1. Which members of segment 147-161 meet the condition of being in contact (Cβ under 8 Å) with a residue 12 or more places away in the chain and either in contact with a Cys (Cβ under 9 Å, 6 or more places away or on another chain) or surrounded by fewer than 17 Cβ atoms within 10 Å (Cβ to Cβ) (or both)?
2. For residues that are more than 30 Å from Thr5 (Cα to Cα) and among the basic types (Lys, Arg), tally how many sit in segment 118-175.
3. Looking at (1) modelled with pLDDT under 95; (2) within 13 Å of the chain's Cα centre (by Cα); (3) among the aliphatic types (A, V, I, L, M), find the lone condition where Ala101 falls short.
4. Of all residues in segment 88-116, which are touching a helix residue (DSSP H, G or I) at 6+ places or on another chain (Cβ under 7 Å) and open to solvent by 90 Å² or more (accessible area, probe 1.4 Å)?
5. How about segment 1-69: which helices (runs of 4 or more DSSP H) wholly inside it have at least 2 residues that are open to solvent by 70 Å² or more (accessible area, probe 1.4 Å)?
6. Could you please find all residues in segment 90-135 being of a type in the set (Gly, Ala, Ser) and touching a residue at least 24 places away in the same chain (Cβ under 8 Å)?
7. Answer yes or no as to whether Glu119 is of a type in the set (D, E, K, R), open to solvent by 50 Å² or more (accessible area, probe 1.4 Å) and at pLDDT 95 or above.
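The values are calculated or read from the model by the stated rules, or taken from the named source; none is laboratory data. Keep in mind that what you see is a predicted model, and the values were worked out from it rather than measured. Counting neighbours? That spans all protein chains shown, and the Cβs are built from the backbone with ideal geometry, glycine included. Accessible surface areas use protein heavy atoms only, side chains included; no ligands, DNA or RNA. Shrake-Rupley method; radii C 1.70, N 1.55, O 1.52, S 1.80 Å.
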Amino acid sequence: MSIDTLKSRLGDFAKDVRLNLGSMATDESLTNQQKYGLIVACAIASRNDTVKNALIAEAAPHLSAEAMSAAKAAATIMGMNNIYYRFVHLSSNEQYKTMPAKLRMNVIGKPGVDKVDFELWSLAVSAINGCGMCIDSHEAILRKAGVTAEMVQTAVRFASIIQSAAIALEANELELEAAE
């Protein structure tokens with residue numbers, strides 16, 4: 001499956017989503033590794049098998065095995081961290097902010113790809129998962145490393161497009177079920 005196949009499975013109500021999905025591959029504000037790793041990490045974070053399978057297939061020819069593994073690791077580690085740190089942030093009990101997380105996060109220190117790329121993917125997944133603490137942390141690291149605001153915005157834009165594709169697929173399935 002490819003992005004084109006994915007686009008064909010979206011309902012007519014999702015024309016904007018189809019257009020936005022199509023624009024991701026031609027975006028030149030990121031390197032190919034950043035762009036396709038971002039697509040993989042966000043597709044996994046969407047938790048939609050159709051989106052995940054289509055976008056991983058689309059990205060695979062553009063990524064090394066190490067980059068593919070790192071993109072999967074970014075989605076996975078942020079799945080854990082975003083839950084934990086969103087809880088710490090949202091809890092009114094200040095004690096949790098003083099407690100060590102006791103979560104293994106070695107992959108963040110040694111992701112197997114350029115640290116900036118991994119941070120960009122982690123930021124986008126954190127946006128999908130809605131963790132403000134993680135968004136702030138990853139954005140600060142990226143900006144300190146010289147990543148432009150436009151690159152950060154592109155990463156979050158990709159996250160929003162991919163998440164909207166997952167939502168559109170689910171809405172289309174509901175529409176088809178209702179018609180039966």
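1. Glu150, Ala155, Phe158, Ala159, Ser160, Ile161
2. First, pick out the residues of segment 118-175 that are more than 30 Å from Thr5 (Cα to Cα): 131-149.
Checking the rest, the ones that are also among the basic types (Lys, Arg) come to 143-144.
Final tally of qualifying residues: 2.
3. (2)
4. His89, Lys97
5. It comes to 3-8, 15-24, 49-59.
6. Those that are of a type in the set (Gly, Ala, Ser) and touching a residue at least 24 places away in the same chain (Cβ under 8 Å): Gly112, Ser122, Ala124, Ser126, Ala127, Gly130, Gly132.
7. Working: of a type in the set (D, E, K, R): yes; open to solvent by 50 Å² or more (accessible area, probe 1.4 Å): no; at pLDDT 95 or above: yes.
Against the criterion (of a type in the set (D, E, K, R), open to solvent by 50 Å² or more (accessible area, probe 1.4 Å) and at pLDDT 95 or above), Glu119 does not qualify.
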